[in-house]
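Engineer: I'd like to ask some things about the structure below.
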Amino acid sequence: MSTISIESVTKRFPNGFEALKGISTDIAAGSFTVILGPSGAGKSTLLRLLNGLETPSDGSVTIDGETLEKATLRKMRSSVAMVFQQFNLVERLSVVTNVLTGRLAHRSWVGSVFYLFRNEDMDIAQETLARVGLTDKAWSRVDKLSGGQQQRVGIARALAQRPKVILADEPVASLDPVASEEIMGLLREICDRDGITVVVNLHQVDLARRFADRIIGMNSGKIVFDGSPKHMTQSVMRTIYQREDIEDDNSLDLALAYA
Amino acid sequence: MTIVSILRWPTPNGLPSPPLVASLCAVLTTMWLTAPLVEVDFVRLLGSLGKMAAFAGQLFVEPDWAYLPQLLVKMLETIEMTFLATMIAVVVSLPLGLLAARNATPHVLVYRLTRDLLSLMRALPELVWALVFVSAVGLGPLPGVMALAFVTIGFMGKFFAEAIEVIDHKPVEGVRAHGAGWLQVRMFAMLPQALPDFVGTVMYILDHNLRAATILGLVGAGGIGYDLVMSMRLFQYDRLLLIALAIYLVVTLLDRLSDLLRSRIIHGARA
């Protein structure tokens, strides 16, 4: 059973740049998928399309049997959570308020004008904070936290939403190796324990190999590899990371040898 | 070791840039040519130094202590007018500011209309609005409060809109991506980011409004202004001294308060 279904999606930006050139794939419910590819391959655009932060120029995105369009956007977003590279938290609010913003999709605007939530929302927020190990930081302001802690707040916010899908756009790109390991472990555990579908964009090939069920390789807006981590051979990596402007392949090989 | 170091400007040829020199010359020439038109006459200014000293000398009198109770009442009225007008303006300018910010407005037409409305409100100074409201609702502090609130809405709506326009877009996207609605995104992602700037503006406006409120009495719109003008006209320097000191004291206290509040908002409460 597939949760996410992407059908011949293309994305052209107003400046004429074609970020996605006809992508079609299905992502199975409860799976852990990593998307790899060089910068500018269209990984972020693809992920943002799945959350409706971008709309496709052609083709369609279907999540859980419902096609993503303007009318269904808010409802869809309530079941698709997103974790960002730069965390995208509201730094001036407390940790727990940021987590509570994950509940906004389920609440009307009336209470929001007065910053009011329900008690059960607070219970959910506390529970997800405990899940990411930040119970003691609940009332701190977000800008007082380290990068790794902020990303865990981001994950708690995503979980508070009770989503079916979590999209993570380079969630560890701003973090040190130890924090990266923690965050990836957390996402994997969420996938395994809660059965939430996780899709992660990554630049770290070794993390992709260790955590993913399935790896999708992208280059220049197309899918160039799709398979399990054990099929990621050296030649596959060269296909994923090749660039037109690299004349000799030495630098590519050298870079990938340690990846 | 060089004894004389040659001075130069940080330009390729070491000379000041021609456009800068040209505009400086233009400004100075304009000032020199226009000064007589507005009767700025340095000889006369020097000549009146004696009169100024005499006036200042008259302020060294024993304050009229009997006037103190009335001063306190009038000062309190001025402060009340200031705070009330500013509070009304805060409440009204928050939604108007949202509508007038390019990145928060529901439609570009709403944005334009709100901007125009705000500039209309601050186009005339408080004193002129006070005249309008005095003829509309009669003498007393009420037209004063209305005039102050009116101009303040015009200013704060604009300041708030501009504070929203420079916020970081990433948190907005973060909150939006989790399915928050139109108003929720504005309440939870935009407002907290624009708030420190907004509070800073409110503090500045409060200070400005207090000074504006002291003069509204001139047209019968309440506050200390009436007493201030009357004591000037009747040469009651013993009262004038007290009034000036009281205004200075309140403005200074307000300044301290605003520094305190602002640093708390920006750096958070010290836990």
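Engineer: If I go through region A:119-141 residue by residue, how many of them are closer than 20 Å to A:Arg92 by Cα and out of contact with any helix residue (DSSP H, G or I) (no Cβ under 6 Å at 6 or more places or on another chain)?
Structural biologist: Adding up the residues that qualify gives 5.
Engineer: State whether one or more residues within region B:198-218 are crowded, with 23+ Cβ neighbours inside 10 Å and within 7 Å of another protein chain (Cβ to nearest Cβ).
Structural biologist: No, region B:198-218 contains no residue that is crowded, with 23+ Cβ neighbours inside 10 Å and within 7 Å of another protein chain (Cβ to nearest Cβ).
Engineer: Let me ask another. Taking only region B:33-61 into account, find how many residues are assigned to a loop (DSSP other than H, G, I, E, B) and either under 15 Å from B:Ala244 (Cβ atoms) or open to solvent by less than 100 Å² (accessible area, probe 1.4 Å) (or both).
Structural biologist: The qualifying residues number 6.
Engineer: May I ask you to say which residue of A:Phe87, A:Phe117 is crowded, with 22+ Cβ neighbours inside 10 Å and aromatic (Phe, Trp, Tyr)?
Structural biologist: From the options A:Phe87, A:Phe117, the qualifying one is A:Phe87.
Engineer: Still on this structure: Are any residues in region B:149-187 among the hydrophobic types (A, V, I, L, M, F, W, C), surrounded by fewer than 24 Cβ atoms within 10 Å (Cβ to Cβ) and at the interface with chain A (Cβ under 7 Å from one of its Cβ atoms), and if so, which ones?
Structural biologist: B:Leu183, B:Met187
Rundown of residues vs (1) more than 24 Å from A:Gln150 (Cα to Cα); (2) touching a residue at least 24 places away in the same chain (Cβ under 8 Å); (3) among the β-branched types (Val, Ile, Thr), yes/no style:
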{"position": "A:Gly16", "(1), (2), (3)": "yes, no, no"}
{"position": "A:Ser24", "(1), (2), (3)": "yes, yes, no"}
{"position": "A:Ala29", "(1), (2), (3)": "yes, yes, no"}
{"position": "A:Ala71", "(1), (2), (3)": "yes, no, no"}
{"position": "A:Asn88", "(1), (2), (3)": "no, yes, no"}
{"position": "A:Val99", "(1), (2), (3)": "no, yes, yes"}
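Okay, residues lined up against (1) within 12 Å of chain B (Cβ to nearest Cβ); (2) assigned to a loop (DSSP other than H, G, I, E, B):
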residue	(1), (2)
A:Gln86	yes, yes
A:Leu100	yes, no
A:Gly111	yes, no
A:Asp123	no, no
A:Gln150	yes, no
A:Ala173	no, yes
A:Arg188	no, no
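Engineer: Among the residues of region A:197-223, write down those that are of a type in the set (Val, Ile, Thr) and open to solvent by 10 Å² or more (accessible area, probe 1.4 Å).
Structural biologist: Listed by number, the list holds a single entry, A:Ile223.
Engineer: Could you list, in sequence order, the residues of region A:51-84 that are within 23 Å of A:Pro171 (Cα to Cα), more than 8 Å from every other protein chain (Cβ to nearest Cβ) and charged (D, E, K, R)?
Structural biologist: A:Glu54
Engineer: Also: Could you give every pair whose Cβ atoms fall below 9 Å, whose first residue belongs to region A:46-59 and is at positive phi, and whose second residue is open to solvent by less than 10 Å² (accessible area, probe 1.4 Å) and at pLDDT 90 or above, counting only separations of at least 6 or pairs across chains?
Structural biologist: Final answer for the pair search is A:Gly52/A:Val61; A:Gly52/A:Val80; A:Gly52/B:Ala177; A:Gly59/A:Ile6; A:Gly59/A:Val9; A:Gly59/A:Leu20; A:Gly59/A:Ile23.
Engineer: Name the residue, out of B:Arg262, B:Arg233, that is in contact with a Pro (Cβ under 8 Å, 6 or more places away or on another chain), over 17 Å from B:Leu127 (Cβ atoms) and of a type outside the set (Val, Ile, Thr).
Structural biologist: The unique qualifying residue is B:Arg262.
The values are calculated or read from the model by the stated rules, or taken from the named source; none is laboratory data. Not measured: the values here are computed from a predicted model. Every residue, glycine as well, gets a Cβ built from its backbone with ideal geometry; the counts of neighbours run over all protein chains shown. The protein model used for the area step is the full one, side chains on, heavy atoms only, and it has no ligands, DNA or RNA in it. Shrake-Rupley method; radii C 1.70, N 1.55, O 1.52, S 1.80 Å.
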